[in-house]
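First up is the structure itself, then whatever we jot down about it.
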Amino acid sequence: MVTTGAAAQSPDLARLLDGYHPQGPAETADHARVRSLTDAPDAWDRGTPLHFTASALIVHPPTRRVLLRWHVRQQAWLHVGGHGDPGEALPLDIALREGLEETGLTDLAPWPDAALVHLAVVPVPASPVEPAHEHADLRFLLATDTPELARPENPASPLEWLTVEEAKARTTEENFRETLDRAARLLA
């Protein structure tokens, strides 16, 4: 039997999570909780109460800066990323696509490699079109050699290059501060 769509990609997602070593009790609990989602055909379906998203912190290693994006719905400075489009289920590919769409940067590449950097289950408040739900966010680092070419996808979502310390002061999300700390260790 030939399987298509997200169900066909679940082995790649399972391998990613099986090879990942969570850090600390909260991430270990999140990892155990979402590991069972890899067998679900709707693991990426935004209509489910808990589903995967893929994101990335974009870095410019020579200057040790990171790129933050204003997220209107979350009302917070965060990284780039989001939901898989229909038929997408490869986390790194989703993060790369979202990075390109949200920044216009065409040279994004995994940095220092394609490893998952952080897994965080984050609550998403209800909106007029969606009930409250949770994202099992798979986070990567992507690098650019052309930071000056970053352009927001729309005026309501500006971008800012900051040092890690400036970014930590700018964000209100504790789980994102952890992602920034992990990036800082790699940028050092």
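Within the range 147-188, if we keep just the residues that are farther than 13 Å from residue 70 by Cα and among the polar types (S, T, N, Q), the residue that is least open to solvent (accessible area, probe 1.4 Å) turns out to be 179.
Among the residues of the range 107-120, are any farther than 27 Å from residue 188 by Cα and among the small types (Gly, Ala, Ser)? Checking the range 107-120: not a single residue is farther than 27 Å from residue 188 by Cα and among the small types (Gly, Ala, Ser). Within the range 113-128, residues that are within 16 Å of residue 81 (Cα to Cα) and small (Gly, Ala, Ser) reach partners that are open to solvent by 30 Å² or more (accessible area, probe 1.4 Å) and not in a loop (DSSP other than H, G, I, E, B) with beta carbons closer than 8 Å, at six or more positions or on different chains, in the pairs 114/92; 120/30; 120/175; 120/178. Residues in the range 123-146 that are modelled with pLDDT of 95 or more and β-branched (Val, Ile, Thr) were compared, and the one that is surrounded by the fewest Cβ atoms within 10 Å (Cβ to Cβ) is 146.
Within the range 31-53, residues that are in contact (Cβ under 8 Å) with a residue 24 or more places away in the chain have Cβ atoms under 6 Å from residues that are open to solvent by 60 Å² or more (accessible area, probe 1.4 Å) and outside any loop (DSSP other than H, G, I, E, B) in no pair, counting only partners at least 6 apart in sequence or on another chain. Of the residues 116, 68, 105, the single one that is among the aliphatic types (A, V, I, L, M), within 17 Å of residue 58 (Cα to Cα), open to solvent by less than 50 Å² (accessible area, probe 1.4 Å) and within 11 Å of the chain's Cα centre (by Cα) is 116. Evaluating residue 10 against the criteria (1) touching a helix residue (DSSP H, G or I) at 6+ places or on another chain (Cβ under 8 Å); (2) modelled with pLDDT of 90 or more; (3) open to solvent by less than 40 Å² (accessible area, probe 1.4 Å); (4) over 29 Å from residue 155 (Cβ atoms) leaves one unmet condition, (2). Return a yes/no flag: does the range 55-62 have any residue that is of a type outside the set (D, E, K, R), surrounded by 14 or more Cβ atoms within 10 Å (Cβ to Cβ) and out of contact with any helix residue (DSSP H, G or I) (no Cβ under 9 Å at 6 or more places or on another chain). Checked the range 55-62: no residue is of a type outside the set (D, E, K, R), surrounded by 14 or more Cβ atoms within 10 Å (Cβ to Cβ) and out of contact with any helix residue (DSSP H, G or I) (no Cβ under 9 Å at 6 or more places or on another chain).
Of the candidates 36, 55, the single residue that is among the polar types (S, T, N, Q) and closer than 30 Å to residue 149 by Cβ is 55.
The values are calculated or read from the model by the stated rules, or taken from the named source; none is laboratory data. Predicted model, so just to flag it, every value in this text is computed and none were measured. Cβ atoms come from the backbone with ideal geometry, glycine included; neighbour counts cover every protein chain shown. All accessible areas refer to the heavy atoms of the entire protein, side chains included, with ligands and DNA or RNA removed. Shrake-Rupley method; radii C 1.70, N 1.55, O 1.52, S 1.80 Å.
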